[in-house]
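Undergrad: Would you mind keeping the following structure in view while I ask a few things?
The values are calculated or read from the model by the stated rules, or taken from the named source; none is laboratory data. Keep in mind the model is a prediction, meaning the values are calculated, not measured. We place every Cβ from the backbone using ideal geometry, glycine too, and count neighbours over all the protein chains shown.
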Amino acid sequence: MTQKEMIETIVKALDLKRAEDIQVIGIKDLTVIADYFIIANGNSTTQTKALADEVEYQLKEKGVMPTRTEGYQGAQWIVLDYSDIVVHVFYKETRQYYNLERLWSDGENVDVSEYLTED
């Protein structure tokens, strides 16, 4: 599965469960951590878990398993590490507090509007 296909699958999974403000940031020129961060948030810890679960489910259906997951217990910030793509699913207030978009503002913002459904 290519990175583009993974990004599309992840964004569509997040959108399916009504994630807010889905952002994809290209960071491969800035760090060796990953090539892309995908950031989204839910309005409750229940929704946050559902968002992360949907991403895991959709990728598992395509044979892709996360290298590591963190944060399911508190569901304030769940991290799904797929090596070159790291998915950050936040509870809304936690996302505002950490503001990863500002920390990685030198990264490339990837347009994912084509993967989103219109409301």
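Undergrad: Return yes or no: is MET6 more than 22 Å from ALA75 (Cα to Cα), assigned to a helix (DSSP H, G or I) and touching a residue at least 60 places away in the same chain (Cβ under 8 Å)? Walk me through it before giving the result.
TA: On the way: more than 22 Å from ALA75 (Cα to Cα): yes; assigned to a helix (DSSP H, G or I): yes; touching a residue at least 60 places away in the same chain (Cβ under 8 Å): yes.
When the stated conditions are applied, MET6 passes them.
Undergrad: On the given criteria, is ILE25 out of contact with any Gly (no Cβ under 6 Å at 6 or more places or on another chain), surrounded by 19 or more Cβ atoms within 10 Å (Cβ to Cβ), modelled with pLDDT of 95 or more and under 26 Å from SER105 (Cα atoms)?
TA: Working: out of contact with any Gly (no Cβ under 6 Å at 6 or more places or on another chain): no; surrounded by 19 or more Cβ atoms within 10 Å (Cβ to Cβ): yes; modelled with pLDDT of 95 or more: yes; under 26 Å from SER105 (Cα atoms): yes.
So ILE25 does not fit the description; no.
Undergrad: Taking ASP35 as meeting all but one of (1) modelled with pLDDT of 95 or more; (2) over 20 Å from LEU103 (Cβ atoms), write down the number of the exception.
TA: In the conditions (1) modelled with pLDDT of 95 or more; (2) over 20 Å from LEU103 (Cβ atoms), ASP35 misses (2) alone.
Undergrad: May I pose another question? Filter region 56-90 down to residues that are polar (S, T, N, Q) and within 19 Å of ILE33 (Cα to Cα) and give me whichever is surrounded by the fewest Cβ atoms within 10 Å (Cβ to Cβ).
TA: Quick first cut of region 56-90, residues polar (S, T, N, Q) only: 58, 67, 69, 73, 76, 83.
With within 19 Å of ILE33 (Cα to Cα) added as a condition, the list becomes 67, 69, 83.
Values: THR67: 10, THR69: 14, SER83: 12.
Among them, the one singled out is THR67.
Undergrad: Checking ALA50 against (1) in contact with a Lys or Arg (Cβ under 6 Å, 6 or more places away or on another chain); (2) of a type in the set (Gly, Ala, Ser); (3) loosely packed, with under 14 Cβ neighbours inside 10 Å: exactly one of these is not met. Which one?
TA: Every listed condition holds for ALA50 apart from (3).
Undergrad: Could you list, in sequence order, all residues of region 48-103 that are touching a residue at least 60 places away in the same chain (Cβ under 8 Å) and in contact with a Pro (Cβ under 6 Å, 6 or more places away or on another chain)?
TA: Across region 48-103, the qualifying residue is only TYR82.
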